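Student: My questions all concern the structure below.
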Amino acid sequence: MKRYKKEDPVSYALGITLTFEMLKYAPEHARRVYIHSAMQKGEAFDKLEALCKELKIPMEYGDKPFNILSQKENCFCIGEFEKFERPVDAGANHVVLHNPSNAGNMGTIMRSAAGFGITNLVIITPAVDHFDPKTVRASMGALFHLNISVFSSFEEYAAQYGNRSMYPFMLKAQKKLSELTVQEPYSLIFGNEATGLPDSFLNVGTSVIITHSHRIDSLNLPIAASIALYEATKKDF
């Protein structure tokens, strides 16, 4: 075993909660489960063991994988899974991340999207690896609930899925979020953490700004995305 690299065919769910998510929602891609010697036996372990037996997923005991894959002292279970393709649904609402660069931010947005019922995520490269164990961990397993498609440009995405309402979130925007009524199916589009969306997105659909007080200069990406997701979906909850 070696440290994770982007080109590897497998990735890892670090922790028992994420491993359960992997086994429940992507069992066809699960390969094995690693158990640390310090993991306590009990109800959670018994459920994990029973689920692995049911799915015929091997459990391997030993500490070496944890020394290689996890720097967290409280990680006693790791799920290994094959990377998978699950394309976005053309008729569904999408979250589009344009050149995201931080694994924690991407994982947090995955979790928010799943939480607000939008389970289709589009990633425009260059971008952080959505299968990086750091991303998987930050998503708290939401990765296993999502359809994800990756494109090399926004134009490539729009050519395939452009028959929809587009809402790029940017500072030079046409509308305040509070004034917006979304039309389904839609795409909520967010830019890079440092640079946001290029000005060319002013010509894409209806650009939107999240207004706030002058006590801060901006919202960080996961918070902005979560606010937008709430506003877009609040009628559904």
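Student: How much length is gained if the chain between S213 and S165 is pulled fully straight, taking 0.36 nm per residue apart and subtracting their Cα-Cα distance, in nm to one decimal?
Tutor: Values: separation 48, 0.36 × 48 = 17.28 nm, distance 2.82 nm.
Fully extending the segment from S213 to S165 adds 14.5 nm.
Student: Let me know the shape class of the range 10-82, please: from the alpha-carbon gyration tensor, a ≥ b ≥ c as square roots of the eigenvalues, rounded when a/c is under 1.5, otherwise prolate if a/b is greater than b/c, or oblate.
Tutor: Working: a/c = 1.71, a/b = 1.20, b/c = 1.42.
Judged from the Cα gyration tensor, the range 10-82 comes out oblate (a/c at least 1.5, b/c at or above a/b).
Student: Could you work out how much longer the chain between E184 and A44 gets when fully extended? Use 0.36 nm per residue separation minus the Cα distance between them, nm to one decimal. Can you show the working numbers first?
Tutor: On the way: separation 140, 0.36 × 140 = 50.40 nm, distance 4.08 nm.
In short, 46.3 nm is gained.
Student: Then there's this: What list of ³J(HN,Hα) couplings, whole Hz, do you get for the range 29-35 from phi and the Karplus terms 6.51, -1.76, 1.60, once you set θ to phi - 60° and write x for glycine and proline?
Tutor: Running phi through 6.51 cos²θ - 1.76 cosθ + 1.60 with θ = phi - 60° gives 9, 6, 10, 6, 10, 9, 10 Hz.
Student: Kindly provide the helix-only [θ] at 222 nm of the chain, computed as the sum of -39,500 (n - 2.57) over DSSP H runs of four or more divided by all residues, to the nearest 500 deg cm²/dmol? Let's see the in-between values first.
Tutor: Details: 7 runs with 69 residues, N = 237.
The per-residue figure over the chain is -8500 deg cm²/dmol.
Student: Still on this structure, I have one more. Label the range 118-237 by shape, choosing from rounded, prolate and oblate, from the square roots a ≥ b ≥ c of the eigenvalues of the Cα gyration tensor; if a/c is under 1.5 it is rounded, and otherwise prolate applies when a/b is larger than b/c, oblate when it is not. Don't skip to the end; give the middle numbers.
Tutor: Working: a/c = 1.35, a/b = 1.21, b/c = 1.11.
The shape class here is rounded.
Student: Here is a further query. Just need the relative contact order of the range 1-141 here, percent rounded to a whole number, with Cα pairs under 8 Å and 6+ apart. It would help to have the intermediate numbers written out before the result.
Tutor: On the way: 234 pairs, mean separation 46.6, N = 141.
For the range 1-141, the relative contact order is 33 percent.
Student: For the range 10-82, what does the relative contact order come out to in percent, with C-alpha contacts under 8 Å and a separation of six or more?
Tutor: Values: 108 pairs, mean separation 42.2, N = 73.
After rounding, I find 58 percent.
Student: Just to be sure I understand: of the beta bridges DSSP finds with both ends in the range 10-82, what percent are antiparallel, rounded to 5?
Tutor: Values: 10 of 13 bridges.
Here the share of antiparallel DSSP bridges comes out near 75 percent.
Student: Here is a follow-up. So in the chain, what percent of DSSP beta bridges are antiparallel if you round to the nearest 5?
Tutor: Details: 12 of 35 bridges.
Antiparallel bridges: around 35 percent, rounded to the nearest 5.
Student: Based on alpha-carbon centroids, what's the gap between the range 1-60 and the range 164-216 in Å, whole number please?
Tutor: Here the two parts' Cα centres lie 39 Å apart.
Student: Note down the net charge around A50, summing +1 for each Lys or Arg and -1 for each Asp or Glu among other residues with Cβ under 14 Å from its Cβ.
Tutor: Details: positive: K24, K41, K47, K53, K56; negative: E43, D46, E49, E54.
Counting the neighbours of A50, the net charge comes to +1.
Bear in mind that the values in this text are calculations on the coordinates, not laboratory data. Bear in mind the structure is a predicted one, so any value in this text is a computation, not a measurement. Cβ atoms come from the backbone with ideal geometry, glycine included; neighbour counts cover every protein chain shown.
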